[in-house]
1. Within 26 Å of residue 235 (Cα to Cα), surrounded by 15 or more Cβ atoms within 10 Å (Cβ to Cβ), without any contact (Cβ under 8 Å) to a residue 60 or more places away in the chain and under 23 Å from the mean Cα position of the chain (by Cα), is that true of residue 352?
2. What is the one condition in (1) assigned to a helix (DSSP H, G or I); (2) farther than 25 Å from residue 18 by Cα that residue 246 does not satisfy?
3. Would you be able to say whether some residue in the range 207-223 is modelled with pLDDT under 90, in contact with a Lys or Arg (Cβ under 7 Å, 6 or more places away or on another chain) and part of a loop (DSSP other than H, G, I, E, B)?
4. Among the residues in the range 73-87, are any over 22 Å from the mean Cα position of the chain (by Cα), farther than 19 Å from residue 18 by Cβ, outside any helix (DSSP H, G or I) and assigned by TED's automatic domain parsing to the domain that holds residue 22?
5. Taking only the range 174-196 into account, find how many residues are outside any helix (DSSP H, G or I) and modelled with pLDDT of 90 or more.
6. Mind listing just one residue for me: the one in the range 86-105 that is surrounded by 24 or more Cβ atoms within 10 Å (Cβ to Cβ) and hydrophobic (A, V, I, L, M, F, W, C) and, of those, farthest from residue 310 (Cα to Cα)?
7. Which one of 140, 144 is in contact with an Asp or Glu (Cβ under 7 Å, 6 or more places away or on another chain), of a type in the set (Ser, Thr, Tyr) and either part of a loop (DSSP other than H, G, I, E, B) or modelled with pLDDT of 90 or more (or both)?
8. What are the residues in the range 361-376 that are under 24 Å from the mean Cα position of the chain (by Cα) and in contact (Cβ under 8 Å) with a residue 12 or more places away in the chain, if any?
Amino acid sequence: MFDKVLIANRGEIACRIIRSCRSLGLGSVAVCSEVDAAALHAEQADEQVVIGPPAPRDSYLCVEKLLEAARKTGANAVHPGYGFLSESEDFARAVMDAGLVWIGPDPGTIADMGHKSRARELAEAAGVPVVPGSALLDPSNAESMTAAAERVGYPLLVKAAAGGGGIGMVSVDSSERLSAAALRTRDLAQRYFGDGGIYLERFIPAARHVEVQIIGDGTGHVVHLFERDCSMQRRFQKIIEESPAPGLRSATCSAMLAAAVRLAAAQRYRGPGTVEFIVDASTEEYFFLEMNTRIQVEHPVTEMVTGIDLVATQLRVARGEPLPFRQQDITRRGHAIECRLYAEEPGARFRPSTGTLTAWEMPEGVADVRVDTGYRAGDTVTPYYDPLLAKLIVHGSSRECARDLMILALQRAAVQGVKTNLEFLGRAIAHPQFAAGRMHTRLVENAPELWAETMTPAAQGRS
């Protein structure tokens, strides 16, 4: 049991966790870097601890400082949120070795699922289809690389075995580009993840990205909370998510849901997690992509259609309570869509933007619209962290109702002081292929009308 949670994160996810802690009567401790000392998450928590300079390695990624903050405040549990150390086996073990409750899956599960090659093996063992690919490869061995690529076939992806979040993933369409891409991916993976392992995987050009939200209690009891479509992406990063996944046959969805539960149950998974699939848009053939062993950025989509507070459930499971529902108790109502509002310039290859938020208007208070954010007017967007400003989530009785409501929500939002992707999101939601539910992961890449700099001077002033 625990009664005070240290949140090893910042921004909107820290604010989100604080809300669920408060609903359960749990105390909350915010950690913050020096530039975040007056941030919204620090203000909303019951206590705050400034843990270091702005650079993540000196603050949010510093395990010793995080554990010292827990000791200093008497926090007896740690919630990692997403990003930063949320999928670090070493951090999870350090928390548990310090006598604190780790609010997440078993460290061994984090390690297995965090290593993409090992995760593929476990998925295959659980009878889950995987994308055709190779074993781990040595980029300096040109002969073995070429042979493996010929077996997989072009186009293909060179992927970091320990990668995630779109980092360490390069598409290659010919043998001439293979060696350079492999060496570059190895070096990037070593720098970001401390593991230079790479492998090859078939690239499915017309692919949909569909994920299944699961949650388990650590005993092998796992349920799903249906699927989300995350096909609208830029540079392998999700920007729009929704549930249900439009246009998929019910048989395809049912098979993916069952596969996700089967894999998680085999791991005796504890807490919420997401099993991600690539779906061939033309055939609906699906393949395991990866498993994220944490709460997802897009979890509000599932909360809106099921009415289940995923973070509160995660906290209850971490306290040793059984899941408060069975599979047959979980139903889905209507349709939900989430848009990620970033401080970035879509017309400049989505380059992050920094500055002070001189104006900040969000469509809060509008029925069936939810805004998750860690910002307000007067806050400064710095270059040190992910440029996510807010998530706008809507719920409607149908997909068309939800899409109309999202268009309204985006129109009512206004940000000044930094460049944003606000107008880009509006164009994406209105795009004929999105409106028809015919998305794929390269839609944004192939539709420059969405992200090209076409804004008028007046529109530029608003953003």
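The values are calculated or read from the model by the stated rules, or taken from the named source; none is laboratory data. Predicted, not measured: the structure shown is a model, and the values here were computed from it. Note that we place each Cβ from the backbone using ideal geometry, even for glycine, and neighbour counts take in every protein chain shown.
1. Details: within 26 Å of residue 235 (Cα to Cα): yes; surrounded by 15 or more Cβ atoms within 10 Å (Cβ to Cβ): yes; without any contact (Cβ under 8 Å) to a residue 60 or more places away in the chain: yes; under 23 Å from the mean Cα position of the chain (by Cα): yes.
Against the criterion (within 26 Å of residue 235 (Cα to Cα), surrounded by 15 or more Cβ atoms within 10 Å (Cβ to Cβ), without any contact (Cβ under 8 Å) to a residue 60 or more places away in the chain and under 23 Å from the mean Cα position of the chain (by Cα)), residue 352 qualifies.
2. If we test residue 246 against (1) assigned to a helix (DSSP H, G or I); (2) farther than 25 Å from residue 18 by Cα, just (1) comes out false.
3. So far as the range 207-223 goes, no, none of its residues is modelled with pLDDT under 90, in contact with a Lys or Arg (Cβ under 7 Å, 6 or more places away or on another chain) and part of a loop (DSSP other than H, G, I, E, B).
4. no
5. At the first step, the residues of the range 174-196 found to be outside any helix (DSSP H, G or I) are 174, 194-196.
Going one step further and asking which of them are modelled with pLDDT of 90 or more, we end up with 174.
Here the count works out to 1.
6. So the residue we want is 95.
7. Numbers: 140 fails: in contact with an Asp or Glu (Cβ under 7 Å, 6 or more places away or on another chain).
Result: 144 is the single residue among 140, 144 that is in contact with an Asp or Glu (Cβ under 7 Å, 6 or more places away or on another chain), of a type in the set (Ser, Thr, Tyr) and either part of a loop (DSSP other than H, G, I, E, B) or modelled with pLDDT of 90 or more (or both).
8. Going residue by residue through the range 361-376, those that are under 24 Å from the mean Cα position of the chain (by Cα) are 362-364, 368-376.
Answer for the range 361-376, where residues must be under 24 Å from the mean Cα position of the chain (by Cα) and in contact (Cβ under 8 Å) with a residue 12 or more places away in the chain: 362, 363, 368, 369, 370, 371, 372, 373, 374, 375, 376.
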